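Heads up: the structure comes next, in structure tokens.
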Amino acid sequence: MKLDMHTHGKLAKKLPFSPEYTDWLFREAKEAGLDALCLTEHFNTLGFAEIYQYISENYEEERDTFLTREGLRIFPGMEVDIAEGGHTLVIGNMHVILEMNRRLSPYKEKGKFLPFAKWAEIVKEYPVLFGAAHPYREGGHIPELTESELKQFDFLDLNGKDLAADYEGMSLRMKELSKVLQKPLTAGSDTHQAFQYGCVYNVFDQTVRTVEGLASQIQAGHYRIETSDTLEFQVETAGTLKRSLKAIHALGGDYLEVLLKGA
């Protein structure tokens, strides 16, 4: 099972949810060779609940996952900011993710984000996988958390965007952090745009359909991380297209028509 552990279902979090765009993303993920992805949309994205409502109404539910028409398996999740600066990931059953998102409603604006300790207390109440998203991303301070706090994570995100910027350096830093904390690395593209799918991903020994099963496979090390020979080009291309489509929207144009015409 080829799985991307960190993806997004919208072009940008301030844009309205678009079923057409999300469907296109999932089709492209399958075309890129992925069997599954974790949909870790930003917790404060516009229309967060709409995304999962659409998925639950249009895709086949199978245990903790959903299958698209093309057979792509989706694990629900979200990406959550913390007050110290930095992002975390949670992956779980859709109903659990939606409940956690509702609890975060008072803390979705910058300046009101929960500190890590408070957020970690909430996370412990739920059967989810808890990850440190791109720990060394500029502006984040996750590595500065205490060791006891860092050890509350279940996995560390080896992030495609960061690898594209400095593959050797980022790989080394993440491996060192993994060794110190004794926490596994998992790969995620961090894409908001389809060209980034497949730049980095995890290959699991078997297909899993539950969060518990995914956690078990990760803890047992029954997977390997693969990166694309064109990682840098994919990330750069995706970023360029994302900026272009956002500019079209800002100018009053229909970025979906531009993107999907002829698709």
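The values are calculated or read from the model by the stated rules, or taken from the named source; none is laboratory data. These numbers come from a predicted model, not from an experiment. Glycine gets a Cβ as well: all are built from the backbone with ideal geometry, and neighbour counts include every protein chain shown. Ligands, DNA and RNA are stripped out before the accessible areas are found, and what is left, the full protein with its side chains, is counted by its heavy atoms. Shrake-Rupley method; radii C 1.70, N 1.55, O 1.52, S 1.80 Å.
At a glance:
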item	result
Lysine-lysine proximity count for segment 31-164, Cα under 25 Å, sequence distance 8 or more or distinct chains	12
Straight-distance crosslink candidates among aspartates and glutamates, where the alpha carbon sits under 15 Å from LYS30 and sequence neighbours closer than 8 are dropped	ASP4, GLU70
Simple spin-label estimate for THR210 and GLU50 in nanometres, 7 Å along Cα-Cβ	3.4
The chain - share of DSSP beta bridges that are antiparallel (%, nearest 5)	55
GluC sites (Glu not before Pro) restricted to segment 105-134 and DSSP loop, no more than 12 other C-beta within 10 Å	GLU109, GLU125
Value of relative contact order over segment 137-218, rounded to a whole percent, pairs C-alpha under 8 Å and six or more apart	27
Hz values of 3J(HN,Hα) by residue in segment 245-251 - Karplus curve (6.51, -1.76, 1.60), Gly and Pro given as x	5, 5, 5, 4, 5, 4, 8
Inter-probe distance in nm under a simple model that places probes 7 Å from Cα toward Cβ, at GLU125 and LYS246	3.3
Gyration tensor (alpha-carbon) shape descriptor, the chain, a/c threshold 1.5	rounded
Solvent-accessible area of ARG102 with every protein chain in place, 1.4 Å probe, in Å² to the nearest 10	150
Filtered trypsin sites (Lys or Arg not before Pro), segment 1-64: DSSP coil and at most 15 other beta carbons within 10 Å	LYS14, ARG63
Sulfur and carbon atoms: percent of accessible area, the chain [1.4 Å]	48
Rounded to 5, percent antiparallel among DSSP beta bridges of segment 89-220	35
Spin-label model distance (nm) - HIS141 vs THR230, 7 Å beyond Cα toward Cβ	4.1
Contour excess over end-to-end distance, with Cα ends at LYS13 and ARG102 and 0.36 nm allotted per residue	30.4 nm
Selection of GluC sites (Glu not before Pro), segment 52-85, meeting DSSP coil and at most 14 other Cβ within 10 Å	GLU70
1.4 Å probe accessible area per residue over the chain, in Å²	45
Karplus 3J(HN,Hα) series, Hz, for segment 157-171 with 6.51 cos²θ - 1.76 cosθ + 1.60 (x for Gly, Pro)	7, 8, 9, x, 4, 6, 5, 5, 6, 7, 4, 5, x, 5, 4
